[in-house]
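The structure appears right after this line, and notes come after that.
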């Protein structure tokens, strides 16, 4: 019995690897795409302290306009890579960009904004990560597009690239603004 198992093991291993590579290498497969069960559903409710000690950043403040919510952290290297793109989106495209400092100390998030610039209209502090958890954040940065009715329409996992911003994010925001 043991001898048969030893002969069958390589065949099973080969079949498992073959299946994995067949699925992973199929056309149009994007390993970066992580599906979200929240697409086309209302954004999770939240009420966060503002980074600048101003008015709280909360879900009701998102309705009535298309909003791009970006989860970031000062300790996140990809967030620093993405930051110049966010600055351009805020300055040139005038996007309604809301930042959420995810599992970050407020003083560290403030330091990051002072160093790199502030692309956000408002910044909420999600110190314990509860809001990120409710959104289904795997890690930072993550960006969500929320329509005028407060429904999530798109999720971008990882740092935005100039190509993704130009070909996906901006056209989606403009289309949602017209609807």
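Side notes on the structure shown:
- Residue list for the stretch 161-175, filter: in contact with a strand residue (DSSP E or B) (Cβ under 8 Å, 6 or more places away or on another chain) and in contact (Cβ under 8 Å) with a residue 60 or more places away in the chain: 169, 173
- When the criteria are applied in full, residue 129 fails the requirement of being at positive phi and in contact with a helix residue (DSSP H, G or I) (Cβ under 7 Å, 6 or more places away or on another chain).
- Residue in the stretch 1-19 that is surrounded by fewer than 15 Cβ atoms within 10 Å (Cβ to Cβ) and at pLDDT 85 or above present: no
- Some residue of the stretch 127-138 being in a loop (DSSP other than H, G, I, E, B), in contact with a strand residue (DSSP E or B) (Cβ under 8 Å, 6 or more places away or on another chain), touching a residue at least 24 places away in the same chain (Cβ under 8 Å) and more than 25 Å from residue 56 (Cβ to Cβ): yes
- Selection within the stretch 74-99 - in contact with a helix residue (DSSP H, G or I) (Cβ under 6 Å, 6 or more places away or on another chain) and closer than 20 Å to residue 49 by Cα: 74, 97
- The stretch 142-160: number of residues that are over 12 Å from the mean Cα position of the chain (by Cα), surrounded by 16 or more Cβ atoms within 10 Å (Cβ to Cβ) and outside any strand (DSSP E or B): 2
- Check on residue 163, part of a helix (DSSP H, G or I) and surrounded by fewer than 21 Cβ atoms within 10 Å (Cβ to Cβ): yes
The values are calculated or read from the model by the stated rules, or taken from the named source; none is laboratory data. For clarity, every value in this text was computed on a predicted model and none was experimentally measured. Every residue, glycine as well, gets a Cβ built from its backbone with ideal geometry; the counts of neighbours run over all protein chains shown.
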